[in-house]
Amino acid sequence: MNYDAAVRTPIILFGAFDRHNFGDLLFPHIAAALMPGRPLVFAGLAERDIRRWGGHQVVALPRLAMHIGDRPRKLVHVGGEILTCDAWRAAVMLLPPQQAQQTIAYLETRPRERIDWVHRMLGTSALAPYTVSRQAYPGLLSVVYSGVGGVAMQQVDPEMRAEVLANLRAADAVGVRDRVTLEPLVAAGIGARLMPDPAVMVAELFGARIRRRARRGEVAQMRRAFPQGYVAVQFSADFGDDNSLTQIAAQLDQVAIREGLGVVLFRAGAAPWHDDLGCLGRLAARLRPGSARLFQSIDLWDICALIASSRAYCGSSLHGRIVATAFALPRVNVRPAAAAGRPSKQAAFAATWDDDRWPAEIDLHDMAYGLGTALSVERECLQHQARRLAGLYRQEFMAICPGLT
């Protein structure tokens, strides 16, 4: 990585796009498109080349800081559930998936080694490393948070919460994507503002590119396989137990028969603690023969094209839902049984921005009903919502990033 070239760049886009997760990979594309012509550097916690998945060449912010020194720079946190992402989770998610379980098992009973490993892995001792400290980076002229989340702020360790709140107080502007995140910040005296998630912009900014993508490759194969249409379905590894997979299969079979649709199973994240292809394969084996296909690609633009070409989205990914929203498509999120009673970013986003006439987050046994309800929503309603959220995001982004757009 040429850090000397990076330090000459005045605007740093910072986020968790140093690993494979659908929403995180989208965010820097959206921020860059809203700042045309501005020289940018894409920074995460680790140096990674994510271009093979449609992402960016990413520099490590801790290393970049050593090169920057006191040269003035501006930094934008581009989005994501970063306010409650602790250092341990951040470090594990940067591992290759095949190394994650072994590392977790080894460090689980070695707390001192675990702390040292996390610090070495991230290059920082921050408790919430995806939120930037002005003290750690004194050369920053401005720090902005754009449409970030943290629905579990009240549940995180008090020391970490204090660090996050201090970093937010020191920021020039804070925009959060749901009311659950907003409330404790306002209570702490932080002047945060509400704005949609950045991904609501994907159809407006990249619609033509995504439609072109849908005419070739694996997405075109899925469209040919199901000319009557398909539901784009995704589930995280949290749903990998046999009981959950059996319930999901029974519900999807009901939808496929009733609506005459196929089922395409895809991954929205390949980093540890995200989605698992083997789990989706076990689900496919439970579905009616010929009714489902596994989508292998984890390219960002292929995933966008798959959702945009679908009749509806169903799954656990917030950004599967939001991309479907941007393309004016029916959508429904499903929660694992273990998550009952806990705050979720999916439910928080839906409660803040979606019309309550269509379902937000549902239990497994309600999937067929929820999808049926979502599919019955008028197209005009969905289109109005897509335009409204994109307009709101653009307006708020311009307000919190004056002089950058």
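The conditions are (1) without any contact (Cβ under 8 Å) to a residue 24 or more places away in the chain; (2) not in a helix (DSSP H, G or I), and residue 124 fails exactly one of them. Which is it?
Status for residue 124: all satisfied but (1).
Please go through region 203-217 and give me each residue that is within 11 Å of residue 309 (Cβ to Cβ) and either surrounded by fewer than 13 Cβ atoms within 10 Å (Cβ to Cβ) or of a type in the set (Asp, Glu) (or both), ordered by number.
Step one: filter region 203-217 for residues within 11 Å of residue 309 (Cβ to Cβ), giving 210-211, 213-215.
The answer is 215, and nothing else.
Within region 285-292, is even one residue crowded, with 24+ Cβ neighbours inside 10 Å and either assigned to a loop (DSSP other than H, G, I, E, B) or acidic (Asp, Glu) (or both)?
No, every residue in region 285-292 fails to be crowded, with 24+ Cβ neighbours inside 10 Å and either assigned to a loop (DSSP other than H, G, I, E, B) or acidic (Asp, Glu) (or both).
Would a scan of region 9-24 turn up a residue that is modelled with pLDDT under 90 and not assigned by TED's automatic domain parsing to the domain that holds residue 268? So that I can check it myself, show each step before the final result.
Filtering region 9-24 down to residues modelled with pLDDT under 90 leaves 9-10.
The next check asks that each one be not assigned by TED's automatic domain parsing to the domain that holds residue 268; those that pass are 9-10.
Yes: region 9-24 contains one or more residues that are modelled with pLDDT under 90 and not assigned by TED's automatic domain parsing to the domain that holds residue 268.
Out of the residues in region 274-307 meeting the condition of being modelled with pLDDT of 95 or more and touching a Lys or Arg at 6+ places or on another chain (Cβ under 6 Å), tell me which one is nearest to residue 56 (Cα to Cα).
Within region 274-307, the match that is nearest to residue 56 (Cα to Cα) is 301.
Between residues in region 65-80 that are modelled with pLDDT under 95 and residues that are of a type in the set (S, T, N, Q), which pairs lie under 6 Å by C-beta distance while being six or more apart or on different chains?
As it stands, the answer is 74/142, since those pairs meet every condition given.
Among (1) surrounded by fewer than 21 Cβ atoms within 10 Å (Cβ to Cβ); (2) in contact with a strand residue (DSSP E or B) (Cβ under 8 Å, 6 or more places away or on another chain); (3) polar (S, T, N, Q), there is one condition residue 181 misses while meeting the rest; what is its number?
The number of the failed condition is (1).
Being aliphatic (A, V, I, L, M) and in contact with a Pro (Cβ under 7 Å, 6 or more places away or on another chain): is that true of residue 180 here? Spell out the reasoning first.
Values: aliphatic (A, V, I, L, M): yes; in contact with a Pro (Cβ under 7 Å, 6 or more places away or on another chain): yes.
Yes: the conditions hold for residue 180.
For region 231-247, check the following and say yes or no: at least one residue is within 18 Å of residue 278 (Cβ to Cβ), in a loop (DSSP other than H, G, I, E, B) and charged (D, E, K, R).
The answer is yes; a qualifying residue exists.
Restricting region 231-243 to residues that are modelled with pLDDT under 95 and either under 21 Å from residue 289 (Cβ atoms) or β-branched (Val, Ile, Thr) (or both), which is surrounded by the fewest Cβ atoms within 10 Å (Cβ to Cβ)?
Among them, the one singled out is 242.
Can you find a residue in region 251-271 that is polar (S, T, N, Q), in a helix (DSSP H, G or I), more than 17 Å from the chain's Cα centre (by Cα) and at pLDDT 95 or above?
Looking through region 251-271, at least one residue is polar (S, T, N, Q), in a helix (DSSP H, G or I), more than 17 Å from the chain's Cα centre (by Cα) and at pLDDT 95 or above.
For region 193-230, name all the residues that are over 30 Å from residue 178 (Cα atoms), in a helix (DSSP H, G or I) and touching a Ser or Thr at 6+ places or on another chain (Cβ under 8 Å).
Scanning region 193-230 gives 214, 217, 218, 219, 222, 223.
The values are calculated or read from the model by the stated rules, or taken from the named source; none is laboratory data. Everything numeric here is computed off the predicted structure, so don't read it as measured data. As a convention, Cβ positions derive from the backbone with ideal geometry for all residues, glycine included, and neighbour counts pool all protein chains shown.
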